[in-house]
Amino acid sequence: MRMDPGDSARILLEMRPLLRPAGQAVITLKLAKKQWYKQTMKAVELLSRGYEIAGVRQLFNNRSEVTVFLKNRP
């Protein structure tokens with residue numbers, strides 16, 4: 001689903017209580033062509049308020065998406 005990365009991060013923070021302690025989650029952030037770095041950093045900062053950021057990856061062949069691997073804090 002195409003959604004603002006900040007909105008995606010906020011929704012995942014709201015869903016955090018439904019995830020098991022020490023559970024894992026993966027989110028793909030859809031980025032706009034302009035200010036993609038700023039959007040990514042804002043979303044990662046939001047997600048880090050409730051999750052441990054285990055990894056962030058942007059595939060070489062798809063620069064319009066970033067995948068974030070999260071671990072729920074117990």
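The values are calculated or read from the model by the stated rules, or taken from the named source; none is laboratory data. For clarity, every value in this text was computed on a predicted model and none was experimentally measured. Note: accessible area is taken over every heavy atom of the protein model, side chains too, but ligands, DNA and RNA are not part of it. Shrake-Rupley method; radii C 1.70, N 1.55, O 1.52, S 1.80 Å.
List of remarks:
- Applying 0.36 nm per residue to the separation of Leu59 and Arg16 and subtracting their alpha-carbon distance, the gain on full extension is 12.9 nm.
- Share of carbon and sulfur in the accessible heavy-atom surface of region 6-66 [1.4 Å probe, %]: 55 percent
- Accessible area of Glu45 (1.4 Å probe, protein heavy atoms only, ligands and nucleic acids ignored): about 90 Å².
- Helical runs (DSSP H, four residues minimum) scored at -39500 (n - 2.57) apiece and divided by the length of the chain put the mean residue ellipticity at 222 nm at -9500 deg cm²/dmol.
- Estimated at 0.36 nm per residue, the fully extended path between Lys30 and Asp7 surpasses their Cα-Cα distance by 7.2 nm.
- Looking at the chain, the accessible area is 71 square angstrom per residue; that uses a 1.4 Å probe and ignores ligands, DNA and RNA.
- Estimated Rh, the chain: Kirkwood, alpha-carbon pairs, angstrom: 12.3 Å
- When nucleic acids and ligands are ignored and a 1.4 Å probe is applied, Thr28 ends up with an accessible area of around 60 Å².
- Degrees separating the helix 5-15 axis from the principal Cα axis of the chain, which is the longest one: 10 degrees
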